[in-house]
Amino acid sequence: MGPSSPEPVQLPLGIRWEDAASLASFHPAGNARALAAVERLLAGEETCVYLHGPGGTGKSHLLQAAARAGSERGDPVAYLPLSERASLRPEILEGMERLDLLALDDLHCIAADAAWEEALFHAFNRMRDAGTALLLSAADRPDAVGLVLPDLVSRLQWGLRERLRPMDDDDKLAALRHRARLRGLELPAEAGAYLLRRQPRDMDSLFRLLDVLDRAALAEQRRLTIPFLRRVLAAD
């Protein structure tokens with residue numbers, strides 16, 4: 001990766017990655033190739049990785065996990081969710097080449113915005129020349145996400161591209177139990193299946209629910225049995 005800057009770029013809005021977002025907490029299921037690509041990027045074996053796929057497949061998790069991993073080893077990094085572009089200006093990309101890693105989330109949110117596309121095109125060139133690692137996510141491939149600047153599409157196609165696939169119920173259950181174990185909780189398979197039948201099925205909602213259950217289990221020193229889950233969910 002490029003040389004570390006003595007003055008890491010400071011982003012507005014207090015943008016941070018989720019505390020739970022780590023490579024260890026990502027359950028790959030059918031997305032092991034995407035996880036491996038991010039790990040290679042962090043190891044300096046790739047310079048640009050583009051992740052794409054539908055919502056809820058873990059793209060943001062991987063970008064935040066990469067930013068967290070780089071930060072924990074002392075690298076200057078930034079995580080920038082373009083879903084917040086209403087509160088951002090394209091000029092925020094100026095100086096990003098001083099970073100070791102930029103994780104740029106939700107690229108599709110700036111599609112067809114000429115100012116943003118041009119700013120990203122020039123930032124991409126500066127980061128490539130400086131050796132800055134670039135990790136991007138979007139809903140689809142560079143040529144199918146709605147970008148109108150041909151040179152930007154071409155640049156984004158230079159790097160490694162990996163598609164993330166939605167998880168089925170077995171994958172979601174395994175991911176939920178994996179996250180619980182990292183918290184020191186044992187979520188029995190039947191209790192996890194109970195949650196999947198009765199709660200929103202997207203992983204963000206399920207992981208937030210796990211936060212609630214974790215606090216309740218700690219406060220009451222209880223195991224995650226179905227009767228306990230039923231009582232906590234009724235009170236939530």
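The values are calculated or read from the model by the stated rules, or taken from the named source; none is laboratory data. Everything numeric in this text was worked out from a predicted model, so none of it was measured. Note: ideal-geometry Cβ built from the backbone for every residue, glycine included; neighbour counts use all protein chains shown.
Could you please find all residues in region 64-86 being assigned to a strand (DSSP E or B) and in contact with a Cys (Cβ under 9 Å, 6 or more places away or on another chain)?
The initial filter retains those residues of region 64-86 that are assigned to a strand (DSSP E or B), namely 77-81.
Selection gives P81 alone.
Just to check your reading of the model, which residue among R161, R177, R165 is under 18 Å from G53 (Cβ atoms), of a type in the set (K, R), modelled with pLDDT of 90 or more and out of contact with any Lys or Arg (no Cβ under 9 Å at 6 or more places or on another chain)?
Of R161, R177, R165, the one residue that is under 18 Å from G53 (Cβ atoms), of a type in the set (K, R), modelled with pLDDT of 90 or more and out of contact with any Lys or Arg (no Cβ under 9 Å at 6 or more places or on another chain) is R165.
Quick one: count up the residues across region 208-227 that are over 17 Å from P188 (Cβ atoms) and of a type in the set (A, V, I, L, M, F, W, C).
3
Taking only region 112-158 into account, find how many residues are in a loop (DSSP other than H, G, I, E, B) and surrounded by 21 or more Cβ atoms within 10 Å (Cβ to Cβ).
Residues of region 112-158 in a loop (DSSP other than H, G, I, E, B): 112-113, 131-132, 139-141, 145-149, 157-158.
Right, trim to surrounded by 21 or more Cβ atoms within 10 Å (Cβ to Cβ) and you get 132, 147.
Within region 112-158, residues that are in a loop (DSSP other than H, G, I, E, B) and surrounded by 21 or more Cβ atoms within 10 Å (Cβ to Cβ) number 2.
Output the residues belonging to region 190-236 that are modelled with pLDDT under 85, part of a loop (DSSP other than H, G, I, E, B) and buried (at least 18 other Cβ atoms within 10 Å of the Cβ).
Hits for region 190-236: nothing passes.
Restrict the check to region 72-82 and report whether at least one residue is more than 25 Å from M203 (Cα to Cα) and of a type in the set (A, V, I, L, M).
Yes, the conditions are met somewhere in region 72-82.
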